[in-house]
1. Between ASP711 and ASP645, what is the label-point separation in nm under the 7 Å Cα-to-beta-carbon projection?
2. In what sequence do ILE717, ILE691 fall when counting other Cβ within 10 Å, fewest first?
3. Mind checking which aspartates and glutamates have their C-alpha under 16 Å from LYS117, skipping anything on the same chain fewer than 8 residues away?
4. What percentage of all Cα-Cα pairs in region 284-627 are separated by more than 35 Å?
5. Reachable aspartates and glutamates from LYS456, Cα under 20 Å, same-chain residues fewer than 8 places away excluded?
6. In nm, give the distance between the simple-model label positions of GLN694 and GLU110, each being 7 Å from the Cα along the Cα-to-Cβ direction.
7. How high is the relative contact order of region 45-277? Use alpha-carbon pairs under 8 Å, at least six apart in sequence, and give a whole percent.
8. Using the beta-carbon distance between HIS171 and ALA568 and R0 = 30 Å, what value does 1/(1 + (r/R0)^6) give for FRET efficiency, to the nearest 0.05?
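All of the numbers you see were taken from the coordinates with simple rules; none came from a lab. Bear in mind the structure is a predicted one, so any value in this text is a computation, not a measurement. All Cβ positions, glycine included, derive from the backbone under ideal geometry; neighbour counts span all protein chains shown.
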Amino acid sequence: MAELSRRSLLAASGALLATPALASGGADGTAGVNWRGFLAGSDLIWKQLPKNWYDGPFLGNGFLGSGIYAEPGANAIRFTVQHSEVQDHRPQFGSLYGLARLPIGWFTLEPQGTITKVDWRLSLYDAELTGTITTTAGSIAIRAIIHNGRGVLAVQAKATDGEAKFRWVFHPAVAVSPRTDPKFNKPAPDGYLPNPKPDTATSGDATLVTQPLLSGGEHVTAYQEKTRGTTRTLYATVAWSNPAKTAGATALHTLRSAVQPLDMLAQDHRAWWNAFYRKSFLSVPDGRLQSFYWIQLYKVASATRKSAPVMATTGPWLEPTPWPATWWNLNVQLEYWLINGSNHLELDSLTRAISQYRDNLSSQVIAPYNQDSAGIPRSTDITLRGGGTVGVPGQDPPTPETGNLTWALHNVWLTYRHTMDTATLKSTVFPLLRKAINYYLHFLAKGDDGKLHLPKTFSPEYGVDTPDTNFDLALIRWGCQTLLESAKILHINDPLAPVWQHTLDDLTPYPTDANGFMIGAGQPFAMSHRHYSHMLSVYPLYLVNWEQPENRNLIQTSLNHWISFKGALQGYSYTGAASMAAQMLRGNDSAQYLSDLLRLYVQPNTMYKESGPVIETPLSAAQSMHDMVCQSWNGIIRVFPAIPDSWADTTIDNFRTQGAFLISASRQKGATRWVRIRSEAGAPCVVRHGIPGQVTVRDAHGRPWKTKELDATTIQIDLPRGGEAVLYRAGDRPDFTVAPVTPNGQSAPWGLPA
């Protein structure tokens with residue numbers, strides 16, 4: 001909104017004139033936010049030398065990634081070099097071996113003296129690591145970035161005289177699936193061999209390490225060091241090609257274009273990152289959780305971009321892991337939820353990849369179903385190939401895990417709903433969801449009770465095959481409903497519409513017992529289980545939800561029963577529980593689940609591990625925070641629906657919701673003070689604002705909007721495309737400035753600060 005319009009709005013409210021909100025896009029300090037200073041409060045700090053991936057700084061741009069920590073068993077600092085496109089291409093050995101992400105290697109910074117301490121800071125605002133390495137011989141001051149657009153790791157080092165002869169050494173990794181690491185005890189299939197050893201050559205001042213692949217193609221690491229006075233800067237990049245061997249020329253070109261002073265190289269890098277954070281704002285009085293949230297935004301933007309591969313389990317930071325691929329029965333879905341509310345759809349590689357590689361989604365369904373159906377295996381490579389076929393209901397092997405594509409398409413549907421871009425609905429959601437539901441329709445059969453039933457399938461990842469799994473029944477219901485709604489929006493007279501409606505009418509009810517949702521028919525929830533797949537209808541699908549009084553006891557009983565089995569729970573069990581509690585309007589419970597998550601599972605640098613490193617859980621915790629501050633489902637925007645008692649003040653700005661609305665709001669002294677809504681698409685606008693008493697609704701010029709009161713705190717606003725409305729208590733004089741809230745107390749920074 002223009003400055004003049006905002007001033008008119010504020011004057012009309014009777015408020016003192018305030019600085020324009022973040023949506024106006026001013027410099028540091030606008031709207032009460034000094035962005036550099038604010039984000040500095042969330043920077044990660046190291047006063048101790050990090051020992052591994054879970055402790056250290058991490059840099060990335062969606063493709064190239066580097067984790068920084070001590071070289072195991074040596075007096076050196078490791079800078080890993082990994083790339084999200086680098087994978088093997090031998091599908092005959094399956095996705096976990098033959099299509100696995102491949103490790104590339106690492107640099108070691110090797111000082112002259114013994115390392116005695118470090119003092120590092122990872123600036124979120126600039127996406128830059130700075131600090132010093134102190135040794136018995138002197139010190140080395142470092143600055144490191146992975147350039148946002150160029151895909152180059154640049155590490156500038158300025159040493160004292162005693163460390164002038166420190167050196168960089170590159171260590172190529174063995175190009176083999178990380179799953180073969182002996183500690184995982186998962187032997188490779190017969191005939192699986194490591195790729196050949198790499199070749200090293202020079203080109204002028206550059207060194208090229210070429211890793212040929214048995215399947216054809218290669219990946220190349222190109223690097224060189226440049227000295228300018230007493231400063232030495234290492235530049236490194238990675239390129240990949242398959243089946244051609246063209247990566248060397250690409251890597252060399254990228255490297256040479258980046259060899260410039262770091263201050264110059266970092267200018268557009270910093271500009272991108274500085275602008276990235278300004279697209280939305282969230283501030284809560286829990287300082288530790290607020291810092292965690294902003295680190296997750298840094299992390300997701302380091303891990304993916306629209307043109308990058310769908311995030312693998314480790315993002316671009318590949319480490320030894322039993323899961324060296326992209327996982328589709330929970331991980332992918334959780335990784336991407338936070339991009340919607342945070343207004344960062346420029347990171348949506350999931351929608352792009354599903355559309356781009358749609359042919360692979362049909363080719364992995366067995367004949368004759370591949371003629372009209374589609375599916376996705378549990379794990380795939382970057383082109384969504386799984387090295388096998390999707391399971392068949394009623395058969396095992398392969399495991400009949402059949403709902404992964406439908407669940408992934410729910411994410412794509414969320415992209416549509418948060419943008420209201422019907423092109424996404426028409427080109428991707430509708431045609432692919434039609435095929436995904438077709439696959440189910442081949443196996444649904446009418447039972448003696450007159451209801452449609454599904455043969456045995458696998459509910460991730462309970463461990464048994466069960467008919468009528470709640471996981472699949474929920475996805476079938478959501479899929480049929482969405483197809484019918486989409487056909488109406490797109491004006492498509494689809495011949496399958498009667499079938500979808502018949503399926504909704506006759507599909508068997510969700511199996512339940514005294515403990516709530518079962519896994520499936522005849523299979524109670526009877527052991528600890530980290531996935532909440534049996535409760536998918538509650539979250540994230542909202543088919544069974546808290547606003548249905550008849551279902552409240554079922555939801556409460558199911559959540560309590562599931563979370564009471566502690567043995568196999570993992571971090572994302574707590575994020576799922578936090579989001580379900582938020583749906584139930586229980587902010588204290590949500591906050592407690594997130595507190596337990598941070599205490600029990602989140603690592604010093606906010607990464608996460610189970611049997612190996614994985615990144616989905618911390619990212620999904622950011623979505624749980626979204627669910628506490630703003631929800632939008634079933635056509636209603638809910639502002640501050642599940643705020644814990646300890647969050648007396650909370651602020652959001654440019655929070656994106658379904659319907660393509662941008663929401664800003666301020667909660668002060670335990671009550672919602674004001675809400676601002678901007679419509680990008682002119683969709684129906686229903687807001688549960690939570691403002692006590694009579695509410696005033698004005699446009700940008702101080703004129704009242706046409707509204708309809710639905711209940712004490714819910715109104716419908718006749719808001720057109722581009723329209724903006726502000727809501728506040730009648731007679732109030734709110735200050736509409738968006739600013740950080742005062743923290744409840746001091747909190748330790750993330751990293752290893754002491």
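1. 2.3
2. Details: ILE717 19, ILE691 26.
Ranking ILE717, ILE691 by Cβ neighbours within 10 Å, fewest first, gives ILE717, ILE691.
3. List returned: ASP55, GLU71, GLU163.
4. On the way: 9996 of 58996 pairs.
In whole percent, the long-distance tail amounts to 17.
5. Once the sequence-local aspartates and glutamates are set aside, what remains near LYS456 is ASP396, GLU401, ASP448, ASP465, ASP468, ASP472, ASP506, ASP513.
6. Distance between label points: 7.9 nm.
7. Numbers: 540 pairs, mean separation 38.8, N = 233.
Reported relative contact order: 17 percent.
8. Working: r = 37 Å, r/R0 = 1.23.
It comes out at approximately 0.20.
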